[in-house]
Amino acid sequence: MCAAFSESKYFDYQSIFQEIFMKRFSFAGIVFLSAGLMITCGQHESAAQDQTVTTTSTPAAAGLDLQAVTEIVKQSKNAAEIEQKLNAPGSVNNLDLDGDGNVDYVHVTEYGKGNMRGFSFTVMDSTGSDHEIATIEIERGYESANVIVYGEPAYYGPGCYYTGAWVPADIVLWAYLWHPHRFYYSPYHYGYYPQYYHPYHPVAFAAYSSHVTVIAGATAVRRAPFPRGYGPRSPYARHAVRANQRERQQMRMEGRRGGGGERRQERER
């Protein structure tokens, strides 16, 4: 009887211990999961804030929304019409990079090869120098087209990259893109503009943002991680690459000449 009593008491203690352990474990698990969710949400929120800063922290990003530009390209008949729409009062262009109080005229240059077509968007300064601020490239596939939108880091900050897919039936520009034609190159320059163009002042950012949000909301391109090794294939980009290569080569040659001179001085000593 004593044995039976002690045995039953042992089992009671064990069950009590298990119950307490499970309750504490469950509570600890809830606390751990809650903390994990808070950390994860904080990371997502921080990432979202970082993306927002990246897309709105530069004058170009705040004055030329690339998602809205992509929708303008999609709904235009040709490259000349894209340029006209971008430089009309009330358009998605609100750039004033030189700070003269007028919206900058955006030039459009068309380029491409094979199944790729691209549009380069440039702004010309008072010296006549073109500055590429963004490109949109369309790569034709079997039933759709892959769209790549790239903001030049000097104007949009690092990693300004969007991508998406276009269905031919939804693209007004589709027939123009692939029909043989001479690529469009803007014939205008600083101080010489088309008759339809009249300089206009930029609007406040809040008004501009509410305007382009409606247009950008219809686009199929979304922010994406910047792919390693990607670079636009526009004439301006190729020229910049060649210029950088020449500069690096010149620096190497000067370094070799300098090194040779030092060796000669050492031999003379």
- Message: Residues that are in contact (Cβ under 8 Å) with a residue 40 or more places away in the chain and not acidic (Asp, Glu): list the helices (runs of 4 or more DSSP H) wholly contained in the stretch 117-232 that include at least 3 such residues.
- Response: 174-178, 205-216
- Go through the stretch 73-91 and give me each residue that's surrounded by 21 or more Cβ atoms within 10 Å (Cβ to Cβ) and either at pLDDT below 95 or not in a loop (DSSP other than H, G, I, E, B) (or both). 73, 74, 79, 82, 83, 86
- Query: Which one of these does residue 171 not meet: (1) modelled with pLDDT under 90; (2) surrounded by 14 or more Cβ atoms within 10 Å (Cβ to Cβ)?
  - Reply: (1)
- Task: State whether one or more residues within the stretch 136-157 are in the same structural domain as residue 83 (by TED's automatic domain parsing), at negative phi, touching a helix residue (DSSP H, G or I) at 6+ places or on another chain (Cβ under 7 Å) and surrounded by fewer than 16 Cβ atoms within 10 Å (Cβ to Cβ).
- Result: no
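The values are calculated or read from the model by the stated rules, or taken from the named source; none is laboratory data. Computed from a predicted structure; not experimentally measured. All Cβ positions, glycine included, derive from the backbone under ideal geometry; neighbour counts span all protein chains shown.
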